[in-house]
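This report refers to the structure that appears directly beneath it.
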Amino acid sequence: MVANYGGGSCASYQVKDDGSLTEAVSHHQHTGSSVNEKRQAAPHTHSVNFSPDNRFALVCDLGLDKVLIYKIDPATGKSEPHGEGKVPAGSGPRHLAFHPNGKFVFVNNEITLTETVFAWDAEKGTLTEVQTISTIPEADRSQSGLSTAETRVHPNGKFVYVSNRGHDTIAVFTCDPTTGKLKLIQNANVEGKTPRNFNLDPSGKWCIAAHQGSNSVALFKVDPKTGKLTFTGTKHEVGGPCCVRFLEL
């Protein structure tokens, strides 16, 4: 599935045996708006994530302040509207990540620099808001040009991470695995500008932050007990990095 930000739609495709794609087997045009007239005058689908059991797709729409839920037919790849979860008005949901236990979904809101926690009912395919919390200290909210970019969950489920552009930090939260609730414990300097993306390696020992604004990537060590990040001193030049992925071999 793909999210079309400018047009405010999403579409699904089948993957052929040779790896190529069919024409779209589903296409959904979102409609509506929200309270921020400059950013939310129209729908803006920002990302698509599949549920752990692959029965549903969750689509963050920044323009509608909603996470749209689509039911997936695994045989055909077709998707159909199933439900939605709402974030506080004006938030602008961007990306999300599932907790390893499959019971919670964490959504970073681009406009308000907040993280919304939802409880996920895997059987029913429904979202219920649990908490919305700031990703930066309240004293820093007067700064201009700030926005969140990415959410990651540590493999052990004890920590959640969110990047803040402009603030140029990664927010580190502890996570209660029974309730999903978060507590901010660190805003780690990313050692660059505009952390559009970052990722934890599969072991959970390391974090790579991509600095779109300063053309570099930096390596951080993850404290296994606290989840806090420490810069290792390793940094490399990369032209306009905007996504970090690990390839399993």
Cα-based Rg and Dmax for region 88-136, where Dmax is the largest Cα-Cα distance (Å): 10.8, 34
Label point 7 Å beyond Cα of ASP73 along Cβ direction - residues of region 1-16 with amide nitrogen under 14 Å: 12-14
Cα centroid separation, region 1-50 to region 76-126 (Å): 15 Å
Matching label, Cα Rg over 2.2 N^0.38 Å computed from the structure shown, candidates (1) 1.19; (2) 1.14; (3) 0.99: (3)
Centroid-to-centroid separation of region 225-249 and region 174-216 [C-alpha atoms, Å]: 9 Å
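Is there a pair in LYS103/LYS228; LYS86/LYS181; LYS103/LYS158 whose C-alpha atoms are over 20 Å apart, and which pairs would that be?
Values: LYS103/LYS228 24 Å; LYS86/LYS181 17 Å; LYS103/LYS158 13 Å.
Beyond 20 Å between Cα atoms: LYS103/LYS228.
Which of the peptides 59-66, 154-161, 173-180 is most tightly packed, and how do the rest follow, going by the mean number of other Cβ atoms within 10 Å of each residue? Numbers along the way, then the final one.
Values: 59-66: 25.8, 154-161: 20.5, 173-180: 16.9.
Output ranking for 59-66, 154-161, 173-180: 59-66, 154-161, 173-180.
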Listed residues PHE106, PHE50, PHE118, most fluctuating in the chain (Gaussian network, C-alpha, under 10 Å): PHE50
Mean separation of Cα contacts under 8 Å, 6 or more apart, over the residue count of the chain: relative contact order %: 10 percent
Two-site label geometry, LYS86 and ASN101: point separation in nm, points 7 Å out along Cα→Cβ: 2.8 nm
Dimensions (Å) - region 113-249, Cα atoms, principal axes, largest first: 45, 44, 28
Which of ARG196, ARG152, ARG245 is most accessible, then next, and so on - probe 1.4 Å: ARG245, ARG196, ARG152
Highest average packing first - 231-240, 207-216, Cβ atoms within 10 Å: 207-216, 231-240
Pairwise label distance in nanometres, LYS193 with ARG55, each label 7 Å out on the Cα-Cβ vector: 4.8 nm
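If r is the Cβ-Cβ distance from SER203 to VAL35 and R0 is 45 Å, what FRET efficiency results, to the nearest 0.05? Before the final figure, lay out each step's value.
On the way: r = 42 Å, r/R0 = 0.93.
Between SER203 and VAL35 the formula returns 0.60.
The values are calculated or read from the model by the stated rules, or taken from the named source; none is laboratory data. From a predicted model like this one, the values you see are computed outputs, not experimental measurements. Neighbour counts run over all protein chains shown; Cβ positions are idealised from the backbone, glycine included. The protein model used for the area step is the full one, side chains on, heavy atoms only, and it has no ligands, DNA or RNA in it. Shrake-Rupley method; radii C 1.70, N 1.55, O 1.52, S 1.80 Å.
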